[in-house]
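*Asks:* Just passing along the structure, written as structure tokens.
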Amino acid sequence: MKKLLKLFSVALTVCIFALAVLSVTGCGKNKPSSDIEDLYPGVTFNEKNGEMYKDTKEEKTRIKISYSTGQGNAWIRRMAYDFLIDEEGADYYFVLDGDSELTSAVSSKLEAGVGLSEIYMPLASGWNAYASLGYLENLNDLYSMTVPGESVTVGEKIRGSWTDYGKAVVQGSLDYYIFPWNEHITGIVYNKTMFDTYGWAIPETTDDLLDLCNKIVTDTKGRIAPFVYPGTISGGYWDFLGTNWWAQVAGTERMDEFMKFESAEKSFSYMKETDLSYGKLVMLEEFERIIVKNREKFILKGSGSKTHLTAQLSFAQGQAAMIPTGSWVENESFGDMEDEAAMMPTPVIKNETLKDENGNYIRVNYSGQPDYIFIPSGIKEEGKEGAKKFLAFMCKDEELVRYTNVSGAPRPFDYDIGKCETSAFIQSCINVWKDSTTWFEKSTSKLWTANKCRKFNSNSPYTYLLANPDTATAIGWCANELASVQRSWPQWLEQVGE
Amino acid sequence: MKKIMAMCLAATLFAGSAVLSACRASVKEPVYESTRKYEIGMWVGVPEFYYDAGGNRGETLTDEEFLQQYRYVADAGITIAFPGYYNMGDGRTSYNMKALKAAHEVGIKQIIADSQIRNLLFGAKAALEICADDAERARKEAEIVESTKAYLKYYTDSEYADALYGFMIKDEPGTNMFEQLGIAGRIFKKAAPDLMFYCNLFPVIAGGAQLSGGSGSVNYNTYLNKWAQTVDTDYISYDHYPLYSDGINYTMEKSFLYNMDVMQTLVRDEGKGRRVWTFLQSIQFGAKNRALASTADASFQAYSYFAYGGDGIQWFCYCCPPGNDGATNFANNALMNRELQKTDTYTYVRNANNYIHALMPYYENFEWQGVVLSDVSDAAGNFSYLEASENLITSTETLKKLDSTEDAFAGVFKDKDGREGYMVVNFTDPALNISNTVNMTFGKASNAVVVKNGVKETVKVKGNKLSLELKPGDGAFVIPY
């Protein structure tokens with residue numbers, strides 16, 4: 001009996017100890033870690049549920065931000081923190097909700113209309129329908145708000161295509177419904193350490209790029225592929241190279257002219273230099289000459305089944321020397337990369353007519369369709385007001401600089417990008433951005449907003465040319481596209497009510 | 001005295017045995033029967049010729065090869081075959097008859113496409129619009145019905161007509177086509193009341209311009225309501241795919257359940273008893289929809305849909321489309337690859353289909369009532385979409401509580417006598433390999449029929465509580481008694 005009692009008391013002691021340990025660790029689970037406290041002194045931040053507040057959240061208005069996580073989390077935490085410790089943010093607290101699937105999920109979230117956040121930050125996607133369905137808050141007053149502590153309005157600080165990209169016609173009135181987020185920089189990212197080791201020069205022209213690819217194969221005896229690309233994505237990111245070339249040949253004004261989609265023939269004819277799709281043909285012929293014809297030796301085997309992350313991982317692991325991608329890649333995939341990477345200016349197509357009046361080649365940064373911000377219409381007024389205040393606060397000079405420092409992305413606002421202290425990789429991207437004109441596709445044509453007519457129609461030319469190297473040609477693809485668009489045009493017009 | 005004691009003992013024994021037999025009668029296991037199979041279709045059926053990733057045509061399948069492919073379709077548990085990739089718009093009579101013959105021989109049904117019939121039906125709206133008055137319109141419509149019958153006769157009079165299930169009409173139409181489809185559907189129904197006028201609708205994640213077909217924007221509820229008001233079919237089908245990966249991370253589509261919820265609300269409010277079909281994912285496509293990696297990936301989708309009271313599933317895809325269809329990239333890992341060999345996906349989907357068919361004797365005898373959620377973390381985000389759902393049930397007459405160690409939910413069903421049954425699902429991404437203990441607390445039950453992954457067993461319910469151990473992708477149909 002004594003033995004039993006002893007055993008029981010030992011078991012009881014073990015249980016009590018275990019409970020004590022569990023209760024301590026259990027309680028500690030939701031507490032902010034000391035690292036987080038160091039990063040955001042003076043506020044409480046719960047990394048698990050995304051809540052951030054100064055002193056208390058009682059009787060304060062919530063600003064819940066649902067954001068795509070491609071740029072990581074640090075930038076939004078920093079912006080929220082800065083707002084809370086400023087007097088502007090005295091009446092608010094944040095819930096920061098990072099969501100990798102936000103871009104595809106946001107339409108059904110708006111449709112469901114329950115549990116809406118105050119601010120959404122999705123990646124590039126069609127937003128016009130959200131505006132016309134009445135899901136988005138009118139942002140005219142945000143564009144005309146004075147930036148806190150500055151003498152200009154928010155709208156006056158916005159630059160480039162974004163000055164009017166955020167407008168949509170809703171119930172007969174043209175107003176702002178979305179707000180600029182990131183401006184991306186795209187092109188060829190290369191393994192700088194590898195380039196330095198082998199003494200490979202950055203190619204100036206597409207001829208140089210072809211020579212470089214051959215040199216990479218020779219110097220590494222085929223161990224390192226010149227390129228890896230994400231083949232599971234339609235177009236395989238080659239458009240970050242291709243449209244840069246197309247815009248270089250056409251110039252941004254003619255690209256905008258193309259995007260008006262006034263007629264099938266006007267936008268999609270390609271044979272003459274004056275045709276709006278002539279640049280597309282030239283670009284595809286360069287792609288065919290350099291990449292398609294040399295695909296066996298220039299492209300890493302297995303690229304066709306890679307996602308953007310696995311392709312970027314292959315690049316980061318040194319399996320390929322270059323990858324077509326954008327400035328976001330460092331945040332997304334370079335965490336464990338030992339080598340140094342950089343973005344090169346897109347090699348230009350050598351042609352005297354493609355130079356500006358100073359004899360320099362025209363350089364364009366194709367940013368891809370832009371990431372954007374909106375406030376849903378179906379939330380409380382005080383939430384809308386807080387969201388607008390915060391978005392205006394993010395436009396302060398020092399916040400824009402800080403944003404670029406932390407996220408690695410520029411925003412399309414007037415601010416001194418030179419003040420940014422970024423990684424060497426981001427600096428290389430910014431150098432490309434500074435020396436070029438940024439362009440992205442935008443159009444007010446109903447054929448475009450209704451998703452009928454696109455930059456490329458019928459299929460992705462890059463994927464098509466790579467999948468049919470022996471039978472397909474660039475000129476054949478352009479001919480097929482023109483014929484296909486001509487066939488569909490009357491039906492498209494009818495479908496959009498024109 | 002001894003006599004009296006013996007009499008008392010006998011009386012006690014008699015009374016005891018009467019009570020015992022009464023108890024036995026009250027816990028008698030309910031018996032359900034049905035020979036019907038669940039409706040399981042697919043997208044991209046058996047082709048008439050081989051083709052590669054670039055869509056380049058290769059050798060034509062011999063008749064024996066074609067038939068062998070249909071045996072594989074039937075063995076996979078699929079009950080309705082769809083046309084091959086290059087025959088979805090128009091099978092022409094040669095392919096269509098070949099497909100019907102093969103379906104007939106392996107004992108399944110077949111949906112075919114015929115552009116002549118479709119063109120006739122699509123032209124009906126314009127033909128009726130130019131009629132001078134109602135009388136002329138009625139005459140014209142009767143004429144088109146007869147023409148449709150004449151076209152259909154080739155198939156309906158054939159020796160393989162028993163395999164014919166319906167005709168492919170339109171995938172993902174915008175609202176701008178609904179009126180045309182409504183008239184076409186009405187005429188088709190008059191001409192062939194027993195055949196399916198097959199259309200498939202957009203998912204909730206489609207954009208407003210897609211939903212409208214280009215003329216402005218409409219929201220999803222408007223889209224569905226307009227369909228219900230305009231097109232009189234006895235079913236409604238849509239496609240929505242839940243399993244994502246960027247190659248490194250795994251996530252689920254957040255509105256997977258929400259779309260089911262919206263559909264069930266629509267058919268319930270409408271009250272016409274339309275069946276609800278959906279597509280489930282069985283190929284890697286686009287930038288993020290991933291390949292199936294286990295039976296759990298397939299059964300998770302099917303069980304979830306079961307729990308939401310669905311009537312039919314279709315696997316997207318059975319065979320592989322070319323590597324790029326003009327908008328989307330497709331991998332070579334549907335149930336059959338482009339060489340028309342079985343893949344691992346074939347095994348996963350076949351297993352899931354068999355689990356589903358095994359549920360039919362029970363499922364067929366119950367009617368869906370709604371769902372009970374056990375929201376532990378809502379890691380997938382699906383439950384948050386259902387906050388305002390009219391289909392949420394917190395507890396029932398029999399089921400007092402559902403809780404679990406991970407996210408789970410149960411569809412609630414009732415049989416004709418009011419007995420409840422529950423389709424319980426481990427609602428965690430199968431790729432994350434999360435097991436789940438689900439506890440059900442009943443008002444009163446001593447036993448339960450539990451049908452899990454094709455196996456039926458009777459289990460004791462202790463203290464009115466039943467605990468289910470659900471592995472990734474597991475679901476169980478539970479009938480307490």
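The values are calculated or read from the model by the stated rules, or taken from the named source; none is laboratory data. Since the structure is predicted, the reported quantities are computational estimates derived from the model, not experimental observations. Note that we place each Cβ from the backbone using ideal geometry, even for glycine, and neighbour counts take in every protein chain shown.
*Asks:* For residues that are more than 12 Å from A:GLY235 (Cα to Cα) and of a type in the set (Gly, Ala, Ser), tally how many sit in region A:453-469.
*Replies:* The qualifying residues number 1.
*Asks:* If you don't mind, another one. Among the helices (runs of 4 or more DSSP H) confined wholly to region A:301-394, which include 3 or more residues that are within 30 Å of A:TYR130 (Cα to Cα)?
*Replies:* A:329-333, A:381-393
*Asks:* Further question on the same structure: Does region A:444-457 contain at least one residue that is surrounded by fewer than 22 Cβ atoms within 10 Å (Cβ to Cβ), within 14 Å of another protein chain (Cβ to nearest Cβ), at pLDDT below 90 and outside any loop (DSSP other than H, G, I, E, B)?
*Replies:* Among the residues of region A:444-457, at least one is surrounded by fewer than 22 Cβ atoms within 10 Å (Cβ to Cβ), within 14 Å of another protein chain (Cβ to nearest Cβ), at pLDDT below 90 and outside any loop (DSSP other than H, G, I, E, B), which makes the answer yes.
*Asks:* A further question on this structure: Consider region A:227-238. How many of its residues are over 20 Å from B:PRO322 (Cα atoms) and touching a Lys or Arg at 6+ places or on another chain (Cβ under 8 Å)?
*Replies:* 1
*Asks:* Inside region A:162-236, counting only strands (runs of 3 or more DSSP E) that do not spill past its ends, which hold 3 or more residues that are closer than 29 Å to A:ARG411 by Cα?
*Replies:* In region A:162-236, the matching strands (runs of 3 or more DSSP E) lie at A:167-170, A:173-176, A:186-191.
*Asks:* A further question on this structure: From the set of residues in region B:213-235 that are more than 11 Å from chain A (Cβ to nearest Cβ), of a type in the set (S, T, N, Q) and more than 22 Å from the chain's Cα centre (by Cα), which is nearest to A:GLN491 (Cα to Cα)?
*Replies:* B:THR230
*Asks:* Looking only at region B:183-212, which residues are within 14 Å of chain A (Cβ to nearest Cβ), free of Cβ contacts under 8 Å to residues at least 40 places away in the same chain and not hydrophobic (A, V, I, L, M, F, W, C)?
*Replies:* B:GLY207, B:GLY208, B:GLN210, B:SER212
*Asks:* Still on this model: Would you say A:GLY242 is in a strand (DSSP E or B) and under 23 Å from B:ALA327 (Cα atoms)?
*Replies:* no
*Asks:* Within region B:290-342, restricting attention to residues that are under 19 Å from B:ALA74 (Cα atoms) and assigned to a helix (DSSP H, G or I), which residue is farthest from the chain's Cα centre (by Cα)?
*Replies:* My answer is B:THR295.
*Asks:* Do you know which of the residues in region B:262-289 that are facing another protein chain (nearest Cβ under 9 Å) and touching a helix residue (DSSP H, G or I) at 6+ places or on another chain (Cβ under 9 Å) is surrounded by the fewest Cβ atoms within 10 Å (Cβ to Cβ)?
*Replies:* Within region B:262-289, the match that is surrounded by the fewest Cβ atoms within 10 Å (Cβ to Cβ) is B:ALA287.
*Asks:* Moving on to the next point. So which of B:LEU128, B:LEU120 is in contact with a Lys or Arg (Cβ under 6 Å, 6 or more places away or on another chain) and either assigned to a helix (DSSP H, G or I) or assigned by TED's automatic domain parsing to the domain that holds B:TYR51 (or both)?
*Replies:* After applying the criteria, what remains is B:LEU128.
*Asks:* Sticking with this one: Might you check whether a residue that is in contact with a strand residue (DSSP E or B) (Cβ under 9 Å, 6 or more places away or on another chain), in the same structural domain as B:LEU100 (by TED's automatic domain parsing), touching a residue at least 24 places away in the same chain (Cβ under 8 Å) and in a helix (DSSP H, G or I) occurs anywhere in region B:242-255?
*Replies:* no
*Asks:* Which residue, of A:VAL147, A:VAL95, A:VAL114, A:VAL106, is within 8 Å of chain B (Cβ to nearest Cβ) and β-branched (Val, Ile, Thr)?
*Replies:* A:VAL114
*Asks:* Further, regarding this structure: Within region A:341-364, can one find any residue that is surrounded by 19 or more Cβ atoms within 10 Å (Cβ to Cβ), within 14 Å of chain B (Cβ to nearest Cβ) and closer than 30 Å to A:TRP127 by Cα?
*Replies:* No: zero hits.
*Asks:* Could you pull out the residue among B:TYR258, B:TYR238 that is at the interface with chain A (Cβ under 9 Å from one of its Cβ atoms), within 27 Å of A:THR103 (Cβ to Cβ) and either of a type in the set (Ser, Thr, Tyr) or buried (at least 23 other Cβ atoms within 10 Å of the Cβ) (or both)?
*Replies:* That would be B:TYR258, the only listed residue that is at the interface with chain A (Cβ under 9 Å from one of its Cβ atoms), within 27 Å of A:THR103 (Cβ to Cβ) and either of a type in the set (Ser, Thr, Tyr) or buried (at least 23 other Cβ atoms within 10 Å of the Cβ) (or both).
*Asks:* If I ask for residues that are free of Cβ contacts under 8 Å to residues at least 40 places away in the same chain, among the basic types (Lys, Arg) and touching a strand residue (DSSP E or B) at 6+ places or on another chain (Cβ under 8 Å), which ones from region B:445-481 would you list?
*Replies:* B:LYS452, B:LYS460, B:LYS465
Matching residues to (1) crowded, with 17+ Cβ neighbours inside 10 Å; (2) in contact with a helix residue (DSSP H, G or I) (Cβ under 9 Å, 6 or more places away or on another chain):
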residue	(1), (2)
A:SER161	yes, yes
A:VAL169	no, yes
A:ILE178	yes, yes
A:THR193	no, no
A:THR197	no, no
A:PRO203	yes, yes
A:THR206	yes, yes
A:PRO226	yes, yes
